[in-house]
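J.: I am attaching a structure below and will ask some questions about it afterwards.
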Amino acid sequence: GCVSSMTNNSAGVASVGWSVKIMPFRCSDSGQYIDYGYNGILAAAQMGANVINCSWGGFGGGNQSVINTAYNTYGCIVVASAGNGGSDGNTNFDFHSPSGLNNVISVSAIGPGDNFSCWATAGTTVDLCAPGENIRTTDLNGSYGSFLGTSFSSPITAGAVALLWSRFPSADQE
């Protein structure tokens, strides 16, 4: 929904990346947690993805070598959600990955009126903010819902990056 919904069709929702192609990867055994996220990044890069969205992550760790391979060897742009702050609902400034790694566009969230509501992750590794509150998008079973989180800010940004890439395919990642 947030990356590539059809636009101008009088149905559902629209997206900034209107009709860019999506290559989904299942990176979980349980369907609840991301178990193999970095494997998914590498597989997407190897299969020709131009832009890779990661609406997942955690505090600490990361695999910089996979990101570097996707970026340097395959020319991918990796976009990742910066995280939804601390468990207390307040802004968290701790290192979050993969968003905090080099060669990743780290996206935090803002609300209506471009206001930072202090529930999302912030800090020196965040590159930009995108809408992340009351995001109307697709949901299970063909329905729609409104959601909150950097997991929605990231695909909005990835859709915009993919749209730019589709217009300027010979441009470098910078």
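The values are calculated or read from the model by the stated rules, or taken from the named source; none is laboratory data. Here the structure is a predicted model, which is why all the values come from computation and not from measurement. Cβ coordinates were reconstructed from backbone atoms using ideal geometry, including for glycine residues, and neighbour counts include every protein chain displayed. With ligands, DNA and RNA removed, areas are computed over all heavy atoms of the protein, side chains included. Shrake-Rupley method; radii C 1.70, N 1.55, O 1.52, S 1.80 Å.
J.: Just check region 20-69 against the gyration tensor rule for me: Cα atoms, a ≥ b ≥ c as the square roots of the eigenvalues, rounded for a/c under 1.5, and otherwise prolate or oblate depending on whether a/b exceeds b/c.
T.: Because a/c hits 1.5 or more and a/b fails to exceed b/c, region 20-69 counts as oblate.
J.: Ranked highest first by the average count of other Cβ atoms within 10 Å around their residues, in what order do 139-146, 69-76 fall?
T.: Per-residue Cβ counts within 10 Å, averaged per peptide and sorted highest first, yield 69-76, 139-146.
J.: What does the helix-only formula give at 222 nm for the chain: each DSSP H stretch with n ≥ 4 adding -39500 (n - 2.57), the total divided by the residues, and the result rounded to the nearest 500 deg cm²/dmol?
T.: Taken over the chain, the calculation gives -5500 deg cm²/dmol.
J.: Here's another thing I want to ask about it. By its C-alpha gyration tensor, with a ≥ b ≥ c as the square roots of the eigenvalues, how is the chain shaped: rounded for a/c under 1.5, else prolate for a/b larger than b/c, else oblate?
T.: rounded
J.: Heavy-atom accessible area per residue, region 91-174, 1.4 Å probe: how many Å²?
T.: 53 Å²
J.: On the accessible surface of the chain, probed at 1.4 Å, how many percent belong to carbon and sulfur atoms?
T.: 51 percent
J.: List the residues whose amide H sits under 5 Å from the amide H of I77, counting only those 5 or more places along or on another chain, with H placed 1.01 Å from N in the peptide plane.
T.: Counting only residues 5 or more places away or on other chains, the set is V51, I52.
J.: Given a Förster distance of 25 Å, report the FRET efficiency between Q173 and S19 from their Cβ-Cβ distance, rounded to the nearest 0.05.
T.: According to the calculation, E is roughly 0.65.
J.: Sort 40-46, 24-30 for me by packing, meaning the mean count of neighbouring Cβ atoms within 10 Å per residue, highest on top.
T.: Packing proxy ranking, top to bottom: 40-46, 24-30.
J.: Name all residues of region 104-119 having a backbone nitrogen under 19 Å from the label point set 7 Å from the Cα of L128 along its Cα→Cβ direction, giving them as ranges.
T.: 104-117
J.: May I pose another question? Name the residues whose placed amide hydrogens come within less than 5 Å of the amide hydrogen of N92, ignoring near sequence neighbours (fewer than 5 apart) on the same chain.
T.: Here G85, G86, T121, A122 satisfy the definition.
J.: Now for a different question. How many nm is it between the label spots at N141 and T7, if each spot is 7 Å from the Cα in line with the beta carbon?
T.: 3.1 nm
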